[in-house]
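The block underneath contains the structure these notes are about, expressed in structure tokens.
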Amino acid sequence: VHSILESDEASAAINRIATWSKGTFNKGETAALLMDETAVAETAAVFMANINVWHAFECDLMPRAARVLRTLLEDMRRRLDEHGVVSFSDLIAQAARLLEQDRVCDRVREELDLLLVDEFQDTDRRQ
């Protein structure tokens, strides 16, 4: 579990939750929450106060926790979809899915002579 918490994705998620715990939300998050930022901030603060508990989790409990978290994440995903909110991570995932299609990938390759990526050091494997 310790290595899961230290992954790039986990670090990014934990940083985002830490930001929420301070009552700070971006425009998309604010729209999706329908002005219920206080409840999310309070929940995020509790999570951050207990983040070290994750290090003590027993791995055999993870499937049970995953079932609970999956339900919560599916509910959040549904709420975001209802409000047309797409995260940066969603945009990356959608672009990756498109590029996995041969016809799309071939067309992109045909149209590009050169691809320049600025701030390459700030990208992750999926990007």
Pairs where the first residue, in the range 28-54, is within 14 Å of residue 85 (Cβ to Cβ) and the second is open to solvent by 70 Å² or more (accessible area, probe 1.4 Å) and not in a helix (DSSP H, G or I), C-beta under 7 Å, 6+ apart: 31/83; 32/83
Among the residues of the range 67-87, is any of a type in the set (Gly, Ala, Ser), touching a residue at least 12 places away in the same chain (Cβ under 8 Å), part of a helix (DSSP H, G or I) and on the phi < 0 side of the Ramachandran plot? no
Residue pairs qualifying under the 7 Å Cβ cut-off, at least six apart or on distinct chains, with the first in the range 111-126 being closer than 21 Å to residue 94 by Cα and the second being open to solvent by 100 Å² or more (accessible area, probe 1.4 Å) and at pLDDT below 80, are 124/8
Restricted to the range 22-42, and to residues that are in contact with a helix residue (DSSP H, G or I) (Cβ under 8 Å, 6 or more places away or on another chain), in a helix (DSSP H, G or I) and more than 18 Å from residue 73 (Cβ to Cβ), which residue is least open to solvent (accessible area, probe 1.4 Å)? 41
What number of residues in the range 48-63 are part of a helix (DSSP H, G or I), open to solvent by 60 Å² or more (accessible area, probe 1.4 Å) and either more than 19 Å from residue 14 (Cα to Cα) or hydrophobic (A, V, I, L, M, F, W, C) (or both)? 7
Being more than 19 Å from residue 25 (Cα to Cα), at pLDDT below 85 and open to solvent by less than 70 Å² (accessible area, probe 1.4 Å) is the filter here, so list the residues in the range 64-113 that pass it. 65, 66
Name the residues in the range 110-127 that are outside any loop (DSSP other than H, G, I, E, B) and over 29 Å from the mean Cα position of the chain (by Cα), would you? 110, 111
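The values are calculated or read from the model by the stated rules, or taken from the named source; none is laboratory data. The model shown is predicted, which means the values in this text are computed figures rather than measured ones. We place every Cβ from the backbone using ideal geometry, glycine too, and count neighbours over all the protein chains shown. Heavy atoms of the whole protein, side chains included, go into the accessibility calculation; ligands, DNA and RNA do not. Shrake-Rupley method; radii C 1.70, N 1.55, O 1.52, S 1.80 Å.
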